[in-house]
1. State the volume of the convex hull built on the alpha-carbon positions of the range 110-155, expressed per residue in Å³ and rounded to an integer.
2. For the range 36-49, just list the computed ³J(HN,Hα) in residue order, Karplus coefficients 6.51, -1.76 and 1.60, θ = phi - 60°, integers in Hz, with x standing in for Gly and Pro.
3. Quick query: amide H of Val65 versus all other amide H atoms, modeled in the peptide plane; which residues come in under 5 Å with a sequence gap of 5 or more or a different chain?
4. Of all the accessible heavy-atom surface of the chain, with the other protein chains kept in place and a 1.4 Å probe, what percent is carbon and sulfur?
5. Mind listing which GluC sites (Glu not before Pro) in the range 101-172 are in a DSSP loop and have 14 or fewer other Cβ atoms within 10 Å?
6. Filter Lys63/Lys142; Lys63/Lys149; Lys57/Lys91; Lys142/Lys173 down to the pairs with a C-alpha to C-alpha distance above 22 Å, please.
7. Within a Cβ distance under 15 Å of Asp35, other residues only, what is the Lys/Arg minus Asp/Glu net charge?
8. How high is the relative contact order of the chain, in percent, counting Cα pairs under 8 Å that sit 6 or more residues apart?
Amino acid sequence: MTNWIIEDLQPLYVVQSTSFRQLINELDPAFIMPDEKGIKKVIADSYNFTLLTLIKKIRVEAKSVSLTTDMWTAKSGQGYIGVTCSYIDSKFILHEVTLTVNYVRYPHIALHITESLEEILDEWKLQEKVFVITSDNVANMKKAISDIKLIEWQGCCAHTLQLIIGKGLVPVKSLIIRVKRLIDFFMRPKQSERLEDIQKKYPDANKNNDDESLESDKPKEIIVSFNKIENF
């Protein structure tokens with residue numbers, strides 16, 4: 001039951017649903033449906049057991065680890081930071097572990113992020129195993145990681161590439177806007193139906209034809225339609 005709730009991202013209050021309880025009773029009348037507190041206890045116990053197991057596993061298998069972190073703001077305005085750990089064991093097998101998703105108090109300055117990261121390092125006993133932490137290029141993240149002793153900051157290549165592409169698209173931004181307007185124009189029911197009718201009436205209008213004499217025979221409806229959208 002708990003695995004299903006976690007893996008399918010179900011709300012805990014699903015166990016209170018009358019119809020859901022009836023379904024479970026039909027499948028197994030002997031099953032005792034837990035309440036929300038029972039589900040939370042199972043999750044907490046599983047976390048505590050898994051935490052100790054993973055800490056021991058990393059301590060034994062990894063000589064050094066690399067961390068990746070990212071921070072975002074929820075709709076509620078609260079900030080959260082996620083941290084993942086990657087390492088290669090003695091058999092050259094890559095392991096990846098999600099360490100935590102922690103709340104970061106406001107304001108989200110470098111100092112508060114540094115404190116949060118140091119707490120995570122202490123909890124997982126990784127102070128002597130981490131040499132590099134990868135994050136995006138945001139100034140507060142970069143400074144927060146750089147302020148941790150003996151740990152280097154590494155910029156995320158994917159985020160850097162995204163910034164480069166974004167700046168590269170600036171010159172064609174106006175063209176992209178015009179294309180979006182063109183798409184919106186043809187997405188209107190009236191125009192899309194008219195375009196469809198023209199395509200059915202003149203199925204060969206868009207085909208390449210070497211006969212230049214056919215240029216004058218192009219459907220007037222098509223010419224009029226494109227003249228209307230030139231100003232987009």
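1. Hull volume over Cα atoms, normalised by residue count, gives 58 Å³.
2. Those phi angles translate into 4, 4, x, 5, 4, 5, 4, 5, 5, 5, 5, 5, 4, 5 Hz.
3. Val130, Phe131
4. 58
5. On the way: sites: Glu115, Glu118, Glu119, Glu123, Glu128, Glu152; in loops: Glu128.
The qualifying sites are Glu128.
6. Distance filter (> 22 Å) returns Lys63/Lys142; Lys142/Lys173.
7. Details: positive: Arg21, Lys37, Lys40, Lys41; negative: Glu36.
Summing Lys/Arg as +1 and Asp/Glu as -1 gives +3.
8. 11
The values are calculated or read from the model by the stated rules, or taken from the named source; none is laboratory data. The structure displayed is predicted, hence computed values, not measured ones. Every residue, glycine as well, gets a Cβ built from its backbone with ideal geometry; the counts of neighbours run over all protein chains shown. All accessible areas refer to the heavy atoms of the entire protein, side chains included, with ligands and DNA or RNA removed. Shrake-Rupley method; radii C 1.70, N 1.55, O 1.52, S 1.80 Å.
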